[in-house]
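Asks: Dumping the structure here so I can ask a few things about it.
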C-alpha cells in the first residue's frame, strides 16, 4: 500500500538557506530522512508568499528521498491564528482532495504550522474527513545524532486511546454525579436532564431557566452548577443568590441594581447591588416570576448590554455574570396576563430545564432517603437507620396516592429530620413513622385548603374542591383573579380587555376573548361554567 504524507510548510522551522541549512533540524525534510519510513508522496500545504521556501523544501526532500514526489498546494489564510479561517481552509482542502484509503495510507504531519493549524488537522483526522493517522516528528536529543530526529505515529483508532476516552467518560460521570449531590438517582428522565445540564454548564454562559414545583431542588442545583464551573476554572467570581419574592418597590431596585448616596430617604451611603456583586460569577434569581415589571426591564438590559443604571446614579455600572433563574410559576401564562415581560422570558428561556417533583420521581425515593439520613448523620454526628418494618411502611406510604409531597424534596427532608431526631437508639421504628405520616397528612390538608380562604372557596365553587387540590399553588391566585374579573364583566371580550390591558398593546392582532378562552381551557373551564358556578354559589358581588 502506498504511503502519503500530508503536512504544512513550517515557515519558521523549515527555513534556512545555503549549505548550513543541512546542519539544522527541519521537520518537513527530516520526515523523509527516516530510514524506516518511506513515502510515495508528500502533499505540502503552503501560503503563496512563501513560494521560494516551498520550492527549496521540495528540492531538499527530493535530494534525501528521490522516490518521494512532492506536490505543492497553495493554502491561504491571512491570520494563521484565526481558528475559523484556518479550519475553513484546511477543511476545503480535505473535502476537495481525492483520497483512496483502499490503496493508500495517509499520515498527517502535525509538527509544523501554528498550534491552531495543528488542532485543526487533528480535528479533521479525528472526524475522518482526512482518513489517516497522525505523525509527529521531534529533533534529535544530541547534535551527534544528525538532523533526522525521531517520529511517532498516532492512530486515533488504536485501542490504547480507549483509556483516554474512558477517563473523559469517568470525569463526565463524576460531574453528573456531583450535580446530583452524589445521589444514585434511578429516574430515567431526570438522569437525562442532568446529563444535558452538565453538557450545557460546561460550554455555555447563557442564562439557564430552572422550572419546577417548590422543593424540587432548583436552588441546590443552581449552586452545584456554579461549583462545577468554578472547579473547571470557567468562573472566577462568587455565587449570589436572591429570592425575588422578598423584593418589593424601591428596595428591589436598590438590592438588585444598587443606589448612590441620597438616591432616596435612608440611602446614607452608596450600595453596589447584587448584579455588581455577581460580576465575574453567577447570579441566581429564585422565584424570578415575582420580579416587578420595572426590575424585569432593567434586568433585560443588563443581560443584553452588560450595563445598568443604579438608582440615583448619573453613570452606568457594568457587570459580567451568568444568570440562572428559578421559578415554580407558569411564566408563559404570566406573559399572557401582562405580569412578565415577553422579551425577558425569551432571553432567559434559551436553556430551560424542568425539574420534576418527588411525586414524578418515585424511583428516587430510596436513594434520597439514604442521602437525607447521611446528611443528618454528618450534621449531628449520630448514625440513624430504619428498622425493616418501619422502612417498608414509610416507603409504601411515600409511593401511595395519600402522599401529596406538596413541598417535594423539601417535605422529604423535613420528614427524615423529624423521624431521625425522634429515633430511639438510632433506629426509626413503625411508631415514629406512623406519627410522621399523620403529621404530613395534616400539613398537606391545611396547605390544600389554605385555611378555607376566599380564594379557595371561589375556586371550589367553580371547579369543585377535589379539582382545586390538583392545581399548583402558584396558579391558584392568578386563576382566582381571572375568575373574579370574569364575574364582574358582562362579556368574554370585556374581561379579556381588562386582563390583558398591558400585553395587548404589543400584539399585532388583538383577540382578547380568544386569549382568555384558551387560558380558561387549561383548567377545563369556559365562560358559561364560570357564570353558572358563581350564580349557584351565591358568591357576593363586589362592585369595581
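Every read-out reported here was derived from the displayed coordinates using simple, explicitly stated rules and does not represent laboratory data. Keep in mind that what you see is a predicted model, and the values were worked out from it rather than measured. For neighbour counting, all protein chains shown are included, and Cβ atoms are generated from backbone atoms with ideal geometry for every residue, glycine included.
Asks: Label-point separation (nm) for residue 442 and residue 71, each offset 7 Å from Cα along Cα-to-Cβ?
Replies: Once both label points are built, they end up 8.6 nm from each other.
Asks: Pairs of Cα atoms under 8 Å, at least six residues apart: use those to get the relative contact order of the chain, whole percent.
Replies: On the way: 791 pairs, mean separation 54.4, N = 544.
Normalised by residue count, the contact order of the chain is 10 percent.
Asks: Among DSSP bridges having both ends in region 249-401, what percentage is antiparallel? Round to the nearest 5.
Replies: 35 percent
Asks: Looking at region 75-158 only, what percent of DSSP beta bridges run antiparallel? Nearest 5 please. List each step's numbers first, then the result.
Replies: Details: 5 of 8 bridges.
Percentage antiparallel, nearest 5: 60.
Asks: Over region 2-157, what is the relative contact order in whole percent, taking alpha-carbon pairs under 8 Å and six or more residues apart?
Replies: Details: 271 pairs, mean separation 42.0, N = 156.
Reported relative contact order: 27 percent.
Asks: Taking 35 Å as R0, compute the FRET efficiency from the Cβ-Cβ separation of residue 350 and residue 184 and round it to 0.05.
Replies: Working: r = 30 Å, r/R0 = 0.87.
About 0.70, to the nearest 0.05.
Asks: While we're here: Here are labelled values, (1) 56; (2) 36; (3) 44, and one is the computed percent of Cα pairs over 37 Å apart for what I pasted. Which one?
Replies: Given (1) 56; (2) 36; (3) 44, the calculated one carries the label (1).
Asks: For n ≥ 4 DSSP H runs only, could you compute -39500 (n - 2.57) per run for the chain, divide by its residues and tell me the 222 nm figure to the nearest 500? Provide the component values of the computation, followed by the final result.
Replies: Working: 22 runs with 247 residues, N = 544.
Computed mean residue ellipticity for the chain: -14000 deg cm²/dmol.
Asks: Among DSSP beta bridges whose residues both lie in region 2-157, state the antiparallel percentage, nearest 5. Before the final figure, lay out the partial values.
Replies: Values: 5 of 25 bridges.
The answer is about 20 percent antiparallel.
Asks: So how tilted is helix 293-305 from the main axis of the chain? Cα-based, degrees 0 to 90, rounded to 10.
Replies: Rounded to the nearest ten degrees, it is 0.
Asks: How many nm separate the modelled label positions at residue 481 and residue 38, each set 7 Å beyond the Cα in the direction of the Cβ?
Replies: Placing both labels 7 Å along Cα→Cβ, they lie 8.5 nm apart.
Asks: Separate question: Would you calculate the separation in nanometres between label points at residue 265 and residue 126, each defined as 7 Å from the Cα along the Cα-to-beta-carbon direction?
Replies: For the pair residue 265/residue 126, the computed spacing is 6.4 nm.
Asks: Cα axis of helix 188-203 to longest principal axis of the chain: angle in degrees, 0 to 90, nearest 10?
Replies: Helix 188-203 and the main axis of the chain meet at about 50 degrees.
Asks: Tilt of helix 365-380 relative to the longest C-alpha principal axis of the chain, in degrees (0 to 90, nearest 10)?
Replies: That helix lies at roughly 90 degrees to the long axis.
Asks: At a Förster radius of 22 Å, what calculated FRET efficiency corresponds to the Cβ-Cβ distance of residue 52 and residue 79, to the nearest 0.05?
Replies: Details: r = 22 Å, r/R0 = 0.99.
Plugging the Cβ-Cβ distance into 1/(1 + (r/R0)^6) gives 0.50.
Asks: Can you tell me, using C-alpha contacts under 8 Å and at least 6 residues apart, the relative contact order of region 1-55 as a whole percent?
Replies: 52 percent
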